[in-house]
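For reference, the structure discussed in these notes is given below.
The values are calculated or read from the model by the stated rules, or taken from the named source; none is laboratory data. The structure displayed is predicted, hence computed values, not measured ones. Here the Cβ positions follow ideal geometry from the backbone for every residue, glycine too, while neighbour counts run over all protein chains shown. To get the accessible areas, we keep the full protein, side chains included, count just its heavy atoms, and leave off ligands, DNA and RNA. Shrake-Rupley method; radii C 1.70, N 1.55, O 1.52, S 1.80 Å.
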Amino acid sequence: MCGIVGFIGSQQAAPILLDGLKKLEYRGYDSAGIAILNDSKIDIRKVTGRIANLCELTDDGKNCNGTVGIGHTRWATHGAPTDTNAHPHLSNDGKFAVVHNGIIENYIALREELIQKGYDFQSETDTEVIVHLIEMYYKGDLKKAVIKTSARLHGSYALGVVCTDEPEKIYVAREASPLILGVGVGENYFASDVTALVSYTRNAIYMEDGEFAEITPDSITVFDPAGKPIEKNISRITWDIQSAEKGGYEHFMLKEIMEQPRAVKATIAPRIKGDDIVLDDTDLTAEYLKSINKIVITACGSAYYAGCAGKYAIEKLCRIPVQVELASELRYSDPLIDEHTLLIVLSQSGETADTIAAMKECKNRGAKTLAIVNVVGSTIANIADNTLYTWAGPEIAVATTKGYTTQVAVLYLFALYTAKKIGSIEDKEYSDALKTVKSLPKKIQEAIDMNTGIANFAKKYHGVDSVFFIGRNTDYAVSLEAALKLKEISYIHAESYAAGELKHGTIALIEEHRPVVALCCNRALMEKTMSNIVEVKARGADILAVTFKDNQKIVPLADDMVFVPETDTIFTAAVEIIPLQLLSYYVAKENGCDIDKPKNLAKSVTVE
Ligand code: AGP
């Protein structure tokens, strides 16, 4: 959570920091601040609320003079979102300022130690210990102070540090939180995410855990934890600037929903060569795939639900058992995983703390790891044995849309690839399935086009206090994601239920006019789901059915209908979710919610 940014050069730093913070605001948005070095003093401005408040406070940066600075946008963990708890934090002697993304797990012990030594704490944050440690260890050499401080910290951090005695330098350090250096000409940058850098430079250095760096206007030197300089590659940022902007849409979420045909195409097309699926960025050989006896998929939130959808395709095509596990549970479950398990890790950001921890746990037990990740150079991509990137481009809205569909699409490719390699699929079935996967971008576009009127349903649903989503099998998997989408952006209670399970208790909650969204895109189970629709309808529910255009059977049962193009059941999730993303979006809009930045959330969940 939290976003950090820094600039050193000859331009005014504050406007550049504010611009960077706006790009990082999706990472956290309860308070923000900047620290600018000016005339051997540190000028700190911080404020509760959005970056807009910080822009107002600083007159868009015009009233903060200085060409060196650091900035922060916060998602509160330790201490409420207040001006005092906002970063940057200042040392008692006023010489050092620090911004931090991550969690210092041993901060209580460090705080007590520092208080005993006479340091005065202003905030309730874990971060403040860092700035006091730096002051304590500083003996005229900021590099040494950063090394000594880092060695005392347990947990995760990406840090930016400025010092009035060394005004031509910024120090940064990374441990388990993203940190990227932007290489300019006569000026340099750092940020939590390339989106904050891309307007200024396309040359980036990805920091790794344990590394720290000295940044001056003309140089960047990266060091190992002992302080020895190390060579780092400069990577080219390929994301374009427009893809991180709204491009005429009212919200990033709507833009990202509309981008899905292109995102899924960009993800699958380069990996399909003629009749072959080529995953040449992996070492998943036929021999290895034949040696595994199970696949475990782990992730959090929507990425977990993408795994739930992908499981059906993998099991059907490969006949290998697939377990989908919440990363926050898997990591503490003493999992039955060994070298015959393939662990698939799904993450849009590549930085989700629980997912990283579960992955490390399973790696230690011998599993090979395959990451399906959107952010190049992210922690999960770095740790994994193999990474398949989803080429969705930057996803800014907190609620994922194209992140989810591209993850699902990669799982479909993986399922088909593996089935072919291990010989669990006939040639005809393979080529039909491949044709379906190739057609997904077109079908997703059709699903968007078929649902241009969905905003009208939103008017009916926005005032309700609870919605049920029901479905069976693949429909159930999609209903999980649909319910999460609705609750996270509209704040309406939503619950997904396996349609056949309702009558075992939860049907007690069905009452007159309770909205029930019934997902009916699984032809084989259509009649079964219809029986469940009848059950809830008999108890007064209002039914919104999601099904195929020509499926007239449902019409007499449903109050409202939403259509999608028919797709082979095991590949339907990427298409079926589209109208439900749109429904959530428009319901949230009717409710006047802050769609791209829902309350209490952050895009990248880097805490347990
Ligand atoms: C979904 O809309 C949420 N933003 C959330 O559930 C998200 O999918 C989850 O936090 C996992 O994030 P990741 O894909 O970046 O690991």
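Some observations on this one:
- Crossing angle, helix 474-490 versus the chain [Cα axis fit, 0-90 degrees, rounded to tens]: 40 degrees
- Dipole of the chain, positive direction: furthest Cα of Val546, Gln348, Leu370, with charges on the beta-carbon: Val546
- Along the axis of the charge dipole computed for the chain (Cβ charges of +1 for Lys and Arg, -1 for Asp and Glu, origin at the Cα centre), the listed residues Gln12, Tyr430, Thr195 are led at the positive end by Tyr430.
- 12 Å beta-carbon shell around Asn92, net charge (K/R +1, D/E -1): -2
- Backbone HN-Hα couplings from phi across the stretch 17-26 [Karplus 6.51/-1.76/1.60, Hz, Gly and Pro as x]: 5, 5, 4, x, 5, 4, 5, 9, 4, 4
- Remark on Val324: its backbone amide H falls under 5 Å from those of Ile297, a criterion applied only to residues 5 or more positions apart or on other chains, H modelled at 1.01 Å from N.
- Helix 526-537 and the long axis of the chain differ in direction by around 80°, with both axes built from C-alpha atoms.
- Per-residue HN-Hα couplings for the stretch 65-79 [Karplus 6.51, -1.76, 1.60; θ = phi - 60°; Hz; x = Gly/Pro]: 8, x, 10, 9, x, 9, x, 8, 10, 10, 10, 4, 10, 9, x
- Estimated FRET transfer efficiency (Glu168, Ala226; beta-carbon r; R0 22 Å; 0.05): 0.40
- Ala266 sits among other residues whose Cβ lies under 11 Å from its own Cβ, and their net charge, with Lys and Arg +1 and Asp and Glu -1, is +3.
- Dipole moment magnitude, nearest 20 debye, the stretch 182-335 about Cα centre, only Lys, Arg, Asp, Glu C-beta charged: 680 debye
- Beta bridges assigned by DSSP with both partners in the chain are antiparallel in approximately 60 percent of cases.
- Placing dummy labels 7 Å off each Cα toward the beta-carbon, the span from Asp427 to Tyr288 is 2.8 nm.
- Mean separation of Cα contacts under 8 Å (6+ apart) over length of the stretch 454-590, as relative contact order %: 32 percent
- Distance between the stretch 176-206 and the stretch 3-47 - C-alpha centres, whole angstrom: 14 Å
- Protein accessible area in the chain, 1.4 Å probe - carbon and sulfur %: 49 percent
- Cα shape, the stretch 454-590, gyration tensor, a/c 1.5 rule: rounded
- The stretch 477-507 versus the stretch 532-608: alpha-carbon centroid distance in Å: 10 Å
- Computing FRET efficiency as 1/(1 + (r/R0)^6) for Val185 and Asn53, where r is the C-beta to C-beta distance and R0 is 25 Å, gives about 0.15.
- Relative to the longest principal axis of the Cα atoms of the chain, helix 142-152 runs at roughly 50 degrees.
- When you restrict to C-alpha pairs under 8 Å that are six or more residues apart and normalise by the size of the chain, the relative contact order lands at 12 percent.
- Only one residue of Ser156, Val555, Tyr171 has its Cα farthest out toward the positive end of the dipole of the chain, where Lys and Arg carry +1 and Asp and Glu -1 on Cβ, and that residue is Val555.
- Here the stretch 249-438 is assigned +1 on the Cβ of each Lys and Arg and -1 on the Cβ of each Asp and Glu. Its dipole about the Cα centre then comes out at about 320 debye.
- A simple spin-label model places the labels of Ala524 and Lys273 3.3 nm from each other, with each point 7 Å out along Cα-to-Cβ.
- In terms of its C-alpha gyration tensor, the stretch 3-238 comes out rounded, because the ratio a/c of the largest to the smallest axis stays below 1.5.
- Rounded to the nearest 20 debye, the dipole magnitude of the chain is 940 debye, with +1 charges on Lys and Arg beta carbons, -1 on Asp and Glu beta carbons, and the Cα centre as origin.
- Across the stretch 457-466, computed HN-Hα scalar couplings (Karplus, 6.51 cos²θ - 1.76 cosθ + 1.60, θ = phi - 60°) run 5, 4, 4, 6, 8, 5, x, 7, 9, 7 Hz from first to last residue, x flagging Gly and Pro.
- Global geometry of the stretch 249-438, whether rounded, prolate or oblate, following the gyration tensor of its Cα atoms and the 1.5 cut on a/c: oblate
- Solvent-accessible area per residue for the chain (1.4 angstrom probe, square angstrom): 37 Å²
- Helical runs (DSSP H, four residues minimum) scored at -39500 (n - 2.57) apiece and divided by the length of the chain put the mean residue ellipticity at 222 nm at -10500 deg cm²/dmol.
- Summing charges over all other residues whose Cβ lies under 13 Å from the Cβ of Ser479, with Lys and Arg as +1 and Asp and Glu as -1, gives -2.
- Pairs of Cα atoms nearer than 8 Å and 6+ residues apart set the relative contact order; for the stretch 57-121 it is 22 percent.
- From most to least packed by mean Cβ count within 10 Å, the peptides 286-295, 9-18 give 9-18, 286-295.
- Annotated for the stretch 496-608: lysine pairs at least 8 residues apart or interchain, Cα distance under 23 Å, count 11.
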